[in-house]
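Beneath this line is the structure, given in structure tokens, with notes to follow.
The values are calculated or read from the model by the stated rules, or taken from the named source; none is laboratory data. Note that this is a predicted model, so its numbers are computed, not measured. Cβ placement follows ideal geometry from the backbone for every residue including glycine, while neighbour counts extend to all protein chains displayed.
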Amino acid sequence: MLGLGQDGKSEKDIEKAMSYFEKISDKDPAAMNAIGVLYYQAPDVFETDPVKLHGWGGYKRDVKKSWKFLEKSAQKGSLHANFNLGALHLDPTDKKNFSLSKAYEKFKVAAMQGHTISSYNVGVMHFLGLGTFKSC
């Protein structure tokens, strides 16, 4: 959650945001998606830079939890979760899950639900022949 600190600048409180999302996540695919994104964006367990750790509380990057929450959200119909799963399939550091064809499929599902950036990604992937057949 972003709020204003005493200096008038925005300040994040991930612990507070996560507590809200966790309370409603069983019923709300958007909350599940948010939790998945936060677990993916959280600082690495080895991170020591106080600037990068600020606002995250005790949360550390957990890719397995991220996938779990995003997949549950996608199963409940979240177009944003399908887009995020497509993006995660393009992460070259995740050798187990990297897949152009799976990324294409997730982007295609989100595009069919009306997700604009996913539609663009599907078009680019067709144009370049990444994860699908090449088609101009």
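Residues of segment 25-39 include at least one that is at pLDDT below 95 and surrounded by 12 or more Cβ atoms within 10 Å (Cβ to Cβ). Count of segment 54-106 residues, restricted to those that are surrounded by fewer than 16 Cβ atoms within 10 Å (Cβ to Cβ) and of a type in the set (Phe, Trp, Tyr), is 1.
Scanning segment 58-73 for residues that are more than 12 Å from residue 88 (Cβ to Cβ) and among the aromatic types (Phe, Trp, Tyr) yields one hit, 59.
Could you check segment 41-79 and list, in sequence order, the residues that are under 15 Å from residue 17 (Cα atoms) and of a type outside the set (D, E, K, R)? Residues satisfying the conditions are 41, 42, 54, 55, 56, 57, 58, 59.
Against the conditions (1) buried (at least 16 other Cβ atoms within 10 Å of the Cβ); (2) touching a Phe, Trp or Tyr at 6+ places or on another chain (Cβ under 7 Å); (3) in contact (Cβ under 8 Å) with a residue 24 or more places away in the chain; (4) among the aliphatic types (A, V, I, L, M), residue 109 satisfies every one except (2). Pairs only if they're at least six apart or on different chains, beta carbon under 8 angstrom, first in segment 119-136 and free of Cβ contacts under 8 Å to residues at least 12 places away in the same chain, second among the charged types (D, E, K, R); list them, first residue then second. Pairs that qualify, where the first residue is free of Cβ contacts under 8 Å to residues at least 12 places away in the same chain and the partner is among the charged types (D, E, K, R), are 126/134; 127/134; 128/134.
Listed by position, the helices (runs of 4 or more DSSP H) inside segment 33-136 whose residues that are outside the structural domain of residue 22 (by TED's automatic domain parsing) and aliphatic (A, V, I, L, M) number at least 2 are 79-88, 100-112, 116-128.
If you go through segment 111-123 and pick out every residue that is over 16 Å from residue 99 (Cα atoms) and among the β-branched types (Val, Ile, Thr), you end up with 2.
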